[in-house]
Amino acid sequence: MAAKVHVVFDPKAALPVFYEVTAANTNDITVAKERLPIESGATYIFDLGYYDFGFWADLDTKGCTFVTRLKKNTSVAVLENRTVPSGSNVIADQVVHLPVRMARNRHNPFDKPGRMVTVTLETGKVLRLFSNDLESPAAKIAELYRTRWQIELFFRWIKQNLRIRHFIGRSENAVRLQVATAIITYLLLKLMHRASRTKKAIGHFTRSVQHALFHRIEVATLVNRIERRDRNRRPEAGPQLE
């Protein structure tokens, strides 16, 4: 069985706040429009999987700010060219109108001006970002889109540390239970890591917790062991030359 996990990730808290498990062929936008709890006033950053003008219009109506990408073949009408900040990767800042008509001559529900910020990546690739935020600096909109990478890191961390690359069971219920267990484990580890106030990365902390699973041990004691072990592993300073 193949499955897909849809997640809303809060980059400030570094935690998932919503998830849904569906069949692998379920479109992201279907889950977003039918099941995603929209929080009024929140800012949503998403990629091309959520490319739906109706969804964008719904977010705007509910007082949300969003930042996403425009497809290469999406034409826009430029209403205003704004000054581009110097020393940034922003190469264009424009107020634009999306196409009035969509496929099958349907009216575009997002019929108000939007913001198109064009940025260039370190690789040389050029992205056209689109937002309903007409007030924030272009550099802030570009930076907001960069935070989307955190959800990719979350999925990578889950796969590498919680062994969710393969499913133990093949039934729908077994898959849902395994995904739920992984996310609950992630949340518990984050809470423990935060409560411990250790400076060690959560990956290092997680490996130590795994080794101590069958021992009754206080978190503070575990952290002391981690830090003491790391101090003992540090090589002594060699002779100094001047």
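The values are calculated or read from the model by the stated rules, or taken from the named source; none is laboratory data. None of these values were measured; they are calculated from a predicted model. Using ideal geometry, Cβ is built from the backbone for each residue, glycine included, and neighbour counts are taken over all protein chains shown. Areas reflect the complete protein model, heavy atoms only, side chains present, ligands, DNA and RNA absent. Shrake-Rupley method; radii C 1.70, N 1.55, O 1.52, S 1.80 Å.
Side notes on the structure shown:
- Whichever residue in segment 74-108 is more than 28 Å from GLU122 (Cβ to Cβ) and charged (D, E, K, R) and, among such residues, is surrounded by the fewest Cβ atoms within 10 Å (Cβ to Cβ): ARG104
- Within the set ALA32, ALA23, ALA13, ALA42, the sole residue that is open to solvent by 40 Å² or more (accessible area, probe 1.4 Å) and of a type in the set (A, V, I, L, M, F, W, C) turns out to be ALA23.
- Whether a residue is farther than 23 Å from ARG146 by Cα, out of contact with any Pro (no Cβ under 9 Å at 6 or more places or on another chain) and of a type in the set (Lys, Arg) was assessed, and ARG82 does not pass this test.
- Cross-chain or 6+ apart pairs with Cβ under 6 Å, segment 30-43 first and touching a residue at least 40 places away in the same chain (Cβ under 8 Å) and farther than 17 Å from ASP133 by Cβ, then in a loop (DSSP other than H, G, I, E, B) and open to solvent by less than 90 Å² (accessible area, probe 1.4 Å): none
- When residues of segment 113-143 are limited to those that are part of a helix (DSSP H, G or I) and either touching a Pro at 6+ places or on another chain (Cβ under 9 Å) or not hydrophobic (A, V, I, L, M, F, W, C) (or both), the one nearest to LEU98 (Cα to Cα): ALA138
- For the residues LYS125, LYS112, LYS159, LYS140, the requirement of being in contact (Cβ under 8 Å) with a residue 40 or more places away in the chain and either open to solvent by 30 Å² or more (accessible area, probe 1.4 Å) or under 19 Å from TYR44 (Cβ atoms) (or both) singles out LYS112.
- Test: residue in segment 80-92 that is small (Gly, Ala, Ser), under 18 Å from THR65 (Cβ atoms) and part of a strand (DSSP E or B): no
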